[in-house]
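Since the structure comes first, as structure tokens, the remarks are kept for the end.
Derivation of every value follows stated rules applied to the coordinates shown; laboratory data play no part. Note that the structure is a prediction, hence the values are computed from the model and not measured. When we count neighbours, we look across all protein chains shown, and the Cβ atoms used for this are built from the backbone with ideal geometry, even at glycine.
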Amino acid sequence: MNILVSNDDGIHRQGIRELAAALSRIDGAKIYVFAPDRERTAAGHGITMRDSLFLREWSKEDYPGAERAYACSGTPADCVKIGISLLRQQGIEIDLVCSGINHGSNLGTDVFYSGTVAAAMEGRLMGVPAIAFSLCSHDSTHFEVFADLVPQIVGKSLGKIPAGSILNVNVPDIPGEELKGVLVTDMGIRRYDDEYRLVQQVDKGHYYEYLSTEMYYEDAGLDSDIGGYQQGYITISALSVKRTDPKTAEEIRSWGITWE
């Protein structure tokens with residue numbers, strides 16, 4: 001099994017090294033790392049259209065569990081796109097894309113901004129099953145949970161993730177013995193207390209800094225990834241590349257909009 005590994009925190013971060021190491025424990029797995037050469041947090045699903053992409057190979061000492069590892073100048077989606085394409089040209093077909101382990105959560109509507117989820121989604125768009133993994137703290141500590149969790153999820157999901165879907169896995173950053181269990185949940189709605197703070201005034205305009213604070217949801221139930229995370233559960237959500245709303249589409253048809 002050939003697995004492409006990417007992230008949005010950058011090739012140098014601990015999370016992606018932990019993910020590659022966990023995947024290397026799977027019998028017969030060959031790991032290929034294509035990750036951004038710098039942090040691309042909240043990069044979304046953008047790709048590079050008008051600039052060249054620069055790849056630099058890292059040594060096996062840097063990634064002992066990988067067949068090859070490359071730092072890419074582009075976005076997380078670029079990394080997956082070029083990785084699958086170049087390997088395919090060499091006769092290597094990727095069987096699974098794994099993205100992460102993100103330093104921070106990708107819960108609820110965070111997924112629309114997330115470079116971690118975008119990397120996984122790009123794999124799915126290219127016809128490859130994909131899983132995104134996140135540890136829910138920017139000061140991530142308890143990566144040890146993933147050593148057993150990643151091979152289990154990958155093993156149980158092989159051949160079972162439907163076309164057009166990816167898995168989004170979020171793990172609270174607490175010791176393994178404190179985790180309540182695993183929940184399969186819906187994607188919740190997440191909001192932040194946002195602030196744009198003025199940091200500098202110049203002749204041509206003003207510079208602002210974006211600040212945000214996570215909101216706690218008192219009424220979030222265990223049916224959503226946000227509620228599950230808040231109560232100490234590992235959550236797995238199935239995300240679809242299809243963003244159409246069938247019920248609303250049916251309502252629009254009833255409006256009778258025409259053009260003559």
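So the values come out like this:
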read-out	value
Chymotrypsin sites (Phe, Trp or Tyr not before Pro) restricted to DSSP loop in region 212-255 with at most 15 other C-beta within 10 Å	TYR216, TRP255
Counting DSSP beta bridges with both ends in the chain, the antiparallel % (nearest 5)	40
Gyration tensor (alpha-carbon) shape descriptor, region 27-153, a/c threshold 1.5	rounded
Alpha-carbon centroid distance for the pair region 212-258 / region 22-52, whole angstrom	26
Under 5 Å, built H, 5+ apart or other chain: amide partners of GLY46	none
Charge dipole of region 54-163 about the Cα centre (unit charges at C-beta), most positive-ward option of ALA147, PRO129, ALA77	PRO129
P(r) histogram, all alpha-carbon pairs of region 151-260 included - 10 Å bins from 0, percent	11, 25, 25, 20, 15, 4, 0
Loop GluC sites (Glu not before Pro), region 31-112 (other Cβ atoms within 10 Å of the site Cβ: 11 or fewer; DSSP)	GLU61, GLU93
DSSP bridge pairs, region 1-93: antiparallel proportion in percent, nearest 5	30
Nearest-20 debye value, the chain charge dipole, Cβ charges on Lys, Arg, Asp, Glu	940
For region 146-260, size of Cβ-based charge dipole, Lys and Arg +1, Asp and Glu -1, in debye	560
Beta bridge orientation in region 136-260: antiparallel %, DSSP, nearest 5	75
Inter-label distance, nm, simple model (7 Å from Cα along the C-beta direction), ASP193/LYS247	3.2
Positive dipole terminus of the chain, leading residue within ILE92, LEU167, GLY181 (C-beta point charges)	ILE92
Longest DSSP-loop-exposure-free segment, trypsin sites (Lys or Arg not before Pro), the chain, at most 13 other Cβ within 10 Å	61-159
Diffusion coefficient, µm² s⁻¹, Stokes-Einstein with Kirkwood Rh over alpha-carbon pairs of region 162-219 at 25 °C and 0.890 mPa s	152
Whole-angstrom gap from region 109-148 to region 172-199, using each part's C-alpha centre	13
Of (1) 1.01; (2) 0.98; (3) 0.96, the label for Rg/Rh (Cα atoms, Kirkwood Rh) derived from the coordinates	(1)
Charged-residue dipole, Cβ positions (Lys, Arg, Asp, Glu), region 1-126 about Cα centre, Debye nearest 20	120
Estimated vicinal HN-Hα couplings, Hz - region 210-223 in sequence order (Karplus 6.51, -1.76, 1.60; Gly, Pro = x)	8, 10, 8, 10, 5, 8, 9, 10, 4, 9, 6, x, 6, 7
Reduced Cα scattering model of region 82-232, Debye log10 I(q)/I(0), q = 0.17, 0.20 Å⁻¹	-1.03, -1.28
Phi to ³J(HN,Hα) by Karplus 6.51 cos²θ - 1.76 cosθ + 1.60 over region 109-123, Hz, x for Gly, Pro	6, 4, 4, 6, 9, 5, x, 4, 5, 4, 4, 5, 5, 5, x
Per-residue [θ]222 nm for the chain (sum of -39500 (n - 2.57) over DSSP H runs n ≥ 4, rounded to 500)	-7000 deg cm²/dmol
Unsatisfied cross-links (Cα-Cα over 22 Å) in the set LYS156/LYS247; LYS60/LYS156; LYS30/LYS60; LYS30/LYS156	LYS156/LYS247; LYS60/LYS156
